[in-house]
Amino acid sequence: MKNTPKTPQLDVFFTLCRDRGLRVTPQRTAIYEELCRSGNHPTAEQIYAAVKKKFPSISFNTVNETLLTFSRVKLVDIVEGFGSPRRYDPNRSHHHHVHCVKCGAILDFHNAAFDRLVPPPDIEADYEIINAKVVLTGICPKCR
């Protein structure tokens, strides 16, 4: 961690880890940094490939379990599944996603009208709704 430059994002990471009782290690820091740096909702495999360059002895299982731990303690979100490996999102602010069904790209977007959507009464009667996001699927400009 001594060689890790301090950024506002890392300050938040350190604070959230401390608040949630999660030990900060150089490997966890590198995994979180790579997740934030990627900007494209990466898979555990993509993060593993990048972090392995800095920590050659790190295992895929360590990266995968770390990401699942980050999700459990609400440091990151797991993006909606589309039949492919889990994708991770460090952006915990309220936003929605558009997913390209050809290349798999996932883009964040904000929309006030979507933010105001109300679940049907029968769903609200049976479920305690804790989060609502809209996911649009389509074909991105590159793939069209």
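Scanning segment 20-29 for residues that are part of a helix (DSSP H, G or I) and within 15 Å of Val76 (Cβ to Cβ) yields Arg28, Thr29. Would you confirm whether or not segment 94-110 contains a residue that is outside the structural domain of Thr15 (by TED's automatic domain parsing), part of a loop (DSSP other than H, G, I, E, B), at positive phi and not aromatic (Phe, Trp, Tyr)? Yes, segment 94-110 contains at least one residue that is outside the structural domain of Thr15 (by TED's automatic domain parsing), part of a loop (DSSP other than H, G, I, E, B), at positive phi and not aromatic (Phe, Trp, Tyr). Exactly one condition in (1) under 19 Å from the mean Cα position of the chain (by Cα); (2) surrounded by fewer than 11 Cβ atoms within 10 Å (Cβ to Cβ) is not met by Arg86; state its number. Among (1) under 19 Å from the mean Cα position of the chain (by Cα); (2) surrounded by fewer than 11 Cβ atoms within 10 Å (Cβ to Cβ), the lone unmet condition for Arg86 is (2). Within segment 52-74, not a single residue is in contact with a helix residue (DSSP H, G or I) (Cβ under 6 Å, 6 or more places away or on another chain), closer than 22 Å to Asp108 by Cβ and among the small types (Gly, Ala, Ser).
Number of residues in segment 115-144 that are in a helix (DSSP H, G or I) and either surrounded by 12 or more Cβ atoms within 10 Å (Cβ to Cβ) or acidic (Asp, Glu) (or both): the value is 4.
Of all residues in segment 65-79, those satisfying the criterion of being surrounded by 18 or more Cβ atoms within 10 Å (Cβ to Cβ) and assigned to a helix (DSSP H, G or I) are Thr66, Leu67, Phe70.
For first residues located in segment 1-28 and closer than 19 Å to Asp89 by Cα and at pLDDT below 90, partners that are surrounded by 10 or more Cβ atoms within 10 Å (Cβ to Cβ) and of a type in the set (Ser, Thr, Tyr) and lie 6+ apart or on another chain with Cβ distances below 7 Å form the pairs Leu10/Thr4. Taken over segment 35-56, the residue count meeting the criterion of being under 18 Å from His97 (Cβ atoms) and outside any helix (DSSP H, G or I) is 5.
The values are calculated or read from the model by the stated rules, or taken from the named source; none is laboratory data. The structure presented is a predicted model; accordingly, all values stated were derived computationally and were not measured. Every residue, glycine as well, gets a Cβ built from its backbone with ideal geometry; the counts of neighbours run over all protein chains shown.
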